[in-house]
Amino acid sequence: MALLNVTSPHLHKPGNTGAFMRQVIYATVPGIAVLTHFFGWGTLINTVLAVLTALACEAAILKIRQKPIAFYLNDYSAVVTALLLALAIPPSSPWWLTVVGTSFAIVVAKHLYGGLGMNPFNPAMIGYVLLLISFPKEMTTWLPASGVTASTEALNLLQSLQLVFTGQISGVDAFSGATPLDTFRTYAGQPEVLDTNAVLHGLMAGYGWEWVNVAFLLGGIYLIWRRIITWHIPVAMLAAIFFLSGFFNTAVDADNYGSILFHLLSGGTMLGAFFIATDPVTAATSAKGKLVYGAGIGILVYVIRSWGGYPDAVAFSVLLMNLAAPTIDYYTQPRTYGHSKPNKGLAKRS
Amino acid sequence: MDVLTNNLGAVTALVAMALVFGALLGFAAVKFKVEGNPIVEQIDALLPQTQCGQCGHPGCRPYAEGMAAGEEINKCVPGGEDTIRALADLLGREFVPLDEEYGQEKEHKMVAYIREDECIGCTKCIQACPMDAILGAAKQMHTVIVDECTGCDLCVEPCPVSCIDMVPVKVTPQSWIWQPPQGIGARPGNLIPVRNLA
Amino acid sequence: MSRRIWDIPGGIHPPENKAQSAGVSIRQATLPERVYIPLQQHIGAPAKPIVNVGDRVLKGQKIGEATGFVSLPVHASTSGVVEAIGLHPVQHPSQIDSVCITIKSDGEERWIERHPIPDYRAHSKKEILDRIRDAGIAGMGGAGFPSVVKLGVKSDTKIEQLILNAVECEPYITADDRLMQERADQIVAGLEIMAWLVEPKEILIGIEDNKPHAINAMRKACEGKPIDVVVVPTKYPSGGEKQLIHLLTGKEVRSGGLPADVGVVCQNTGTAYAVKRAVLDGEPLISRITTLTGDAVTHKGNYEVLLGTPVADLLLQAGLQRDRMHRLVMGGPMMGFSIHDPSVPVVKTTNCLLAPTEKEFPDPAPEQPCIRCGSCANACPVNLLPQQLYWFAKAKEFDKAAHFNLFDCIECGACAYVCPSSIPLVQYYRFAKGSIRTAEQEARKSDHARTRFEARKARHEKEEQEKELKRQERAKAAAAKQATKKEAPVKPAPVAADAAPTAVAMPATSATDTAGEPDELTKLQTAAASTMKRYKDAQKALETAEKAGSDHIDALRKKVEQLKAKADAAKDAFIAAKNAAKAEPEAHKPAHDDPLAALKQASADDFNAYKAAEEALQQAEASGSGDLESLRTQVAQLKAKSDASKAAMKEARAKEKEEIQARNAAADPVKQAKMEVAKTQVLLKKARKALEAAQASGEGDIAALTQAVQDAEAANTQAEAHLKQLEGA
């Protein structure tokens, strides 16, 4: 018989990193379902591809780094990275795009910085930006959402597989469409087009995409309810977008600046707000810091969407704010009990 | 001629700016001068003050002066890695591991211990001790004042009867500190066999 | 009435697990065979024992005296005999034994004469405070800070609130809960004494809302008294002193400050009870209520335990299921410490003993990487950034950790409880705190060392200067003398720089080595030194002449040679005399002293001689004069001699040790033989008894038994004979 000699506390709340990450995976299910509904099986195929690539890369790197493979694979962090990247990539993208992006995310953006917990940038977004810059055509080619016109239908499984692995679909000629953000950007200042284009007119915002965003919003609320993430970052980010789009849409020019709902329910807004910006490793940590961090992302998203060179900007905004996170943390430290004011900045050398 | 007149404005502006900023910098240098300790004092403050001379200098301060003049920072054996790190930090130099030529870092802090029944009272160790930490008189038994001993070793060699040992400092509940956990992948804690449970 | 209750940040709600032990009334633990009273049971200086081994002590008798302001006496918790004063395992994470007074109980529980003070209000406050100090009362909830230090409020501090901490927020523990349910009146009496001492504006009792029975009991006991029982919501760690103060008053104790700074005194329930016992009953703190719980304990509940009772005794009494116990914790599950040895005694701060099963307290999961999720920051009751502290502690960036207020951490464990990566955060903080304290101590020590070293250097310089001054004076005097004699062809150099050290060094060594016959020796020595000096001076003159190309070279050379011969002769004479002087005591000594001492002396002398020779050689080498070859061989010879004598001494020492061992070994067989005799005797007796029994009952194989008895007899006689033989030898 032997006794365990261990530091207090002797009790531990049930749950571990792996369980946290699994909750994140569950929360993406509605989003995946809606994406599949509107754009065919491409999203699912991408997801499977990305997860397999991520696990293979992770295992290989762990082996090279001489770390226990099973122990680290069990934290599901690689799966989450792969999933988020796969959800951001167009469903029509060729298979190698997913593989390149995922392996870059895992090998370079995660492990070269020291692995889980050490990476300064969100690996999924690094992978995304790499692809966006290197393969702009593939990364901006979206299928038209099914039902946007009477004739558009989502691809079936076979067609999706064909598209992903060969780049063509037999029997279908034109399959490229434009996302609502793209469309708005193209026709900004032309109210006659904006008012009639079907892509921009779903129930609340852009056709199809509004439901994708609602699905991710639901997943995000689930995460907050399960206390996997806190409300600070998503709320701050969405609030920033809300106020900026509200101001420019109503007070400045409705033809050049989209409506509040349009911005909130287009592109990667909800996915970014609840799943990407909340990546704890690369975000600010204190409550106040999270508010600043989230608001920063929201502002950048709006700025780049409205005046920058890309139709959507979640990835760039998140990466830019990743860069600022340590600084934000240093300047938003909470006031410790018994101190009259909070610490600012780093320790001075005595 | 054209070139000159065309660029005259730019050149003048640049020169003016150079002058203004130069003046500003000069003013700042005078006005906000940091009154720090002289560097030797700062280095000396980081050294363990064992005065053991293992670095080749007769005491800590001379070595501090040496380092201020550019000497290597990896010669202090009793200070070990922590001291080298602190020195590297202070002097803005790269960390270098301890130079083995000067000795190996000891795992424990040591103190001198005189086996008193073997001491012949020659006073040689008293003269060697840089801390005046050895008590005794000629022909009388000597002893080490443990609290003053820095573990420098210097008394060991001169002893004609080899009655001085360097022993590790005894850990007390007051001086004991927690060790860090073994790190990622390790289960915290260890198993201890049960004794005295009749 | 309802008071405003403030909120503390963070906090957690672990499963309470109090029901197991809260339902049973307090039981009296049985008297242990021995009690072990540690001299240090709390923060501050340990007590000093005032009894001796073998003394009879009475229950409640003071056996250890306080040694400072933050120090408390200890008392015998039962009557009996002091059996030992020495190291015994105590609960400390270092697992280092500590000094305890062991009392073997006589079972009588005889009290020392008690002096109750029922009318304490008629006495001076100092008297009552002294009584509380003398009773050894320390905070019985947490770190065990001497209560008297908190109660002895300075006259210029105005206390606004006296708070009784009855929160008991840690899971499993119900000691205060039960105490309040059963002895509320006594607790309130103690509280009133403390109130009389500190004169607060209001008296508050803070209790968590998960103890309705205790709340009722306390409300009843406080009826008609100016005491406010305040119910606070259940949340860990509301029972931390600073946390409770904030909950009840909204005040924050400044970092590094004391509650008294903000006009608050906070005391634990058990402490109030102990104060009552000390003042109104005249009993020092010798027992306490301890919760025994955990699934490996059959009779869970609260026990009134004598301080010093070994944990093992208590556990066995409470029906410990040994095989199911997987940990043993003193204190609660959040802040308690693992016990490494069940023989550790219960002390003043032991509020709980926890013996959980593996199922109840599963092994902690392996540490995973921190993902900065911030759960810890949300749980921290003092608003730290635990994840930053963790990174700094791990990277040993202690100055940064300190800057992030590491020392405001109360080690409540809330952060580690919620950490999804199972990081033992508290251990990292303890490591960082310890390292910072050690570093501070080392910095102080090295500062001290520097001062000492510099003082020594200054002293040496002064001595050197004085010596130099004297030397110059002597030289001057000599020059004056020579000038009057007018027989100096060679210019008197002010100081003969190279000759001087030898002259100075020699008397130093010789004076210490040979105490006898100083006159003769010194004379010879001075002679040697002066001739040496003259020789050197002449040599110098020769050298300059050679350089200048003077024509008196030949004459000078001759003179130098003469002087050299003289100098050598003088030196030889001196050395011979010195050796003779040394030889004399050596010749006498061995006759009286033991050979080892002689060897030691010889070895030391040889070593000295060798060192002196070496010095001389070095000087010669430096100056480039003298017969280097012969000096070298001399040094080598002396070194060999010294080594040889050292080796001889070591050999002799080893031999001596061997002899002692051999003697011990020689003693052993006798002992063994004696034991053999005893053993065979016992066997013989047993065999005889068996035989008798068999004969009486008429059952069993009598023949075999008889044979066995005969065998045993034979063995016994043989053993006795062996012993006799050995003793004879």
**Item:** Scope the stretch C:293-328; condition over 30 Å from C:GLN61 (Cα atoms), more than 11 Å from chain B (Cβ to nearest Cβ) and of a type in the set (A, V, I, L, M); matching residues
**Value:** C:ALA296, C:VAL297
**Complete:** Within the stretch C:354-411, restricting to residues that are of a type in the set (Lys, Arg) and over 15 Å from C:LEU425 (Cβ atoms), the one that is surrounded by the most Cβ atoms within 10 Å (Cβ to Cβ) is C:LYS400
**Request:** Specify the residue that is farthest from B:LEU154 (Cα to Cα); the eligible residues are those in the stretch B:106-128 that are of a type in the set (Val, Ile, Thr) and within 13 Å of another protein chain (Cβ to nearest Cβ).
**Result:** B:ILE120
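Go over the candidates C:ILE207, C:ILE193 one by one and state the one that is part of a strand (DSSP E or B) and either on the phi > 0 side of the Ramachandran plot or of a type in the set (A, V, I, L, M, F, W, C) (or both). Working first, answer last.
Numbers: C:ILE193 fails: part of a strand (DSSP E or B).
None of the others qualify; the one that does is C:ILE207.
Here is a yes/no grid of residues against (1) within 14 Å of chain C (Cβ to nearest Cβ); (2) assigned to a loop (DSSP other than H, G, I, E, B):
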| site | (1), (2) |
| --- | --- |
| B:PHE27 | no, no |
| B:LYS33 | no, yes |
| B:ALA45 | yes, no |
| B:GLY53 | yes, yes |
| B:HIS57 | yes, yes |
| B:GLY66 | no, no |
| B:GLU72 | no, yes |
| B:VAL77 | no, yes |
**Asked** Within the stretch A:209-232, is even one residue more than 22 Å from A:MET321 (Cβ to Cβ) and surrounded by 24 or more Cβ atoms within 10 Å (Cβ to Cβ)?
**Response** yes
**Request:** Scan the stretch B:110-122 and give yes if some residue there is within 18 Å of C:ASP447 (Cα to Cα) and either part of a helix (DSSP H, G or I) or in contact with a Cys (Cβ under 7 Å, 6 or more places away or on another chain) (or both), otherwise no.
**Result:** yes
**Complete:** Subset of the stretch C:342-372, residues away from chain B (no Cβ under 14 Å) and within 20 Å of A:ARG226 (Cβ to Cβ), comes to C:ARG372
**Prompt:** From the residues in the stretch C:262-273 that are touching a Ser or Thr at 6+ places or on another chain (Cβ under 8 Å) and either crowded, with 24+ Cβ neighbours inside 10 Å or at pLDDT below 90 (or both), which one is farthest from the other protein chains (Cβ to nearest Cβ)?
**Reply:** C:THR271
**Request:** Would you mind listing the helices (runs of 4 or more DSSP H) fully within the stretch A:84-187 where at least 2 residues are in contact with a Pro (Cβ under 8 Å, 6 or more places away or on another chain)?
**Result:** A:136-140, A:157-166, A:180-186
**Fill in**
Here, helices (runs of 4 or more DSSP H) confined to the stretch C:373-451 with at least 1 residues that are out of contact with any Ser or Thr (no Cβ under 8 Å at 6 or more places or on another chain), at pLDDT below 90 and at the interface with another protein chain (Cβ under 7 Å from one of its Cβ atoms) are C:398-403
**Prompt:** Within the stretch C:219-236, is even one residue within 20 Å of C:VAL149 (Cα to Cα), in a helix (DSSP H, G or I) and in the same structural domain as C:MET140 (by TED's automatic domain parsing)?
**Reply:** no
**Message:** Exactly one condition in (1) under 26 Å from C:GLN441 (Cβ atoms); (2) of a type in the set (Val, Ile, Thr); (3) touching a helix residue (DSSP H, G or I) at 6+ places or on another chain (Cβ under 8 Å) is false for B:THR123; which is it?
**Reply:** (1)
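Looking at the stretch A:293-334, which of its residues are part of a helix (DSSP H, G or I), within 14 Å of chain C (Cβ to nearest Cβ) and touching a Ser or Thr at 6+ places or on another chain (Cβ under 7 Å)?
Taking the stretch A:293-334 and keeping what is part of a helix (DSSP H, G or I), we get A:293-307, A:314-331.
This time we only want the ones that are within 14 Å of chain C (Cβ to nearest Cβ), so: A:293-294, A:322, A:325-331.
Selection gives A:ASN322, A:ALA325, A:ASP329.
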**Which numbered condition A:GLY267 fails, given (1) touching a helix residue (DSSP H, G or I) at 6+ places or on another chain (Cβ under 6 Å); (2) at negative phi; (3) more than 14 Å from chain C (Cβ to nearest Cβ); (4) buried (at least 20 other Cβ atoms within 10 Å of the Cβ)** = (2)
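Residue-wise test of (1) outside the structural domain of C:PHE69 (by TED's automatic domain parsing); (2) touching a residue at least 12 places away in the same chain (Cβ under 8 Å); (3) surrounded by fewer than 20 Cβ atoms within 10 Å (Cβ to Cβ).
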residue	(1), (2), (3)
C:TRP111	no, yes, yes
C:ARG133	no, yes, no
C:ASP156	no, no, yes
C:GLN161	no, yes, no
**Prompt:** Right, C:VAL329: outside the structural domain of C:SER77 (by TED's automatic domain parsing), among the β-branched types (Val, Ile, Thr), crowded, with 22+ Cβ neighbours inside 10 Å and closer than 28 Å to C:SER421 by Cβ or not?
**Reply:** no
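Identify the residue in the stretch C:279-311 that is part of a helix (DSSP H, G or I) and out of contact with any helix residue (DSSP H, G or I) (no Cβ under 6 Å at 6 or more places or on another chain) and, among all such residues, is surrounded by the most Cβ atoms within 10 Å (Cβ to Cβ).
Applying the filter and picking the extreme gives C:VAL311.
For the stretch A:62-75, indicate whether the set of residues that are of a type outside the set (A, V, I, L, M) and over 18 Å from B:GLY185 (Cα atoms) is non-empty. Lay out the reasoning, then the answer.
Just the residues of the stretch A:62-75 that are of a type outside the set (A, V, I, L, M), to begin with: A:63, A:65-68, A:71-72, A:74-75.
After this cut, where a residue has to be over 18 Å from B:GLY185 (Cα atoms) as well, the list is none.
No, every residue in the stretch A:62-75 fails to be of a type outside the set (A, V, I, L, M) and over 18 Å from B:GLY185 (Cα atoms).
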**Request:** Considering only the stretch B:142-198, state which residues are among the small types (Gly, Ala, Ser) and over 30 Å from C:ALA602 (Cβ atoms).
**Result:** B:GLY151, B:SER175, B:GLY183, B:GLY185, B:ALA186, B:GLY189, B:ALA198
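Condition check ((1) in contact with a helix residue (DSSP H, G or I) (Cβ under 9 Å, 6 or more places away or on another chain); (2) of a type in the set (Phe, Trp, Tyr); (3) more than 14 Å from chain A (Cβ to nearest Cβ)) across all residues:
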| residue | (1), (2), (3) |
| --- | --- |
| C:ILE12 | yes, no, no |
| C:GLU16 | no, no, no |
| C:SER21 | yes, no, yes |
| C:PRO32 | yes, no, yes |
| C:GLN40 | no, no, yes |
| C:GLY44 | yes, no, yes |
| C:ASP55 | no, no, yes |
**Prompt:** Mind checking whether some residue in the stretch A:48-59 is surrounded by fewer than 24 Cβ atoms within 10 Å (Cβ to Cβ) and either among the acidic types (Asp, Glu) or under 21 Å from A:GLN159 (Cα atoms) (or both)?
**Reply:** yes
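The values are calculated or read from the model by the stated rules, or taken from the named source; none is laboratory data. Everything numeric in this text was worked out from a predicted model, so none of it was measured. Quick reminder, even Gly has a Cβ in these numbers, built from the backbone with ideal geometry, and neighbours come from all protein chains shown.
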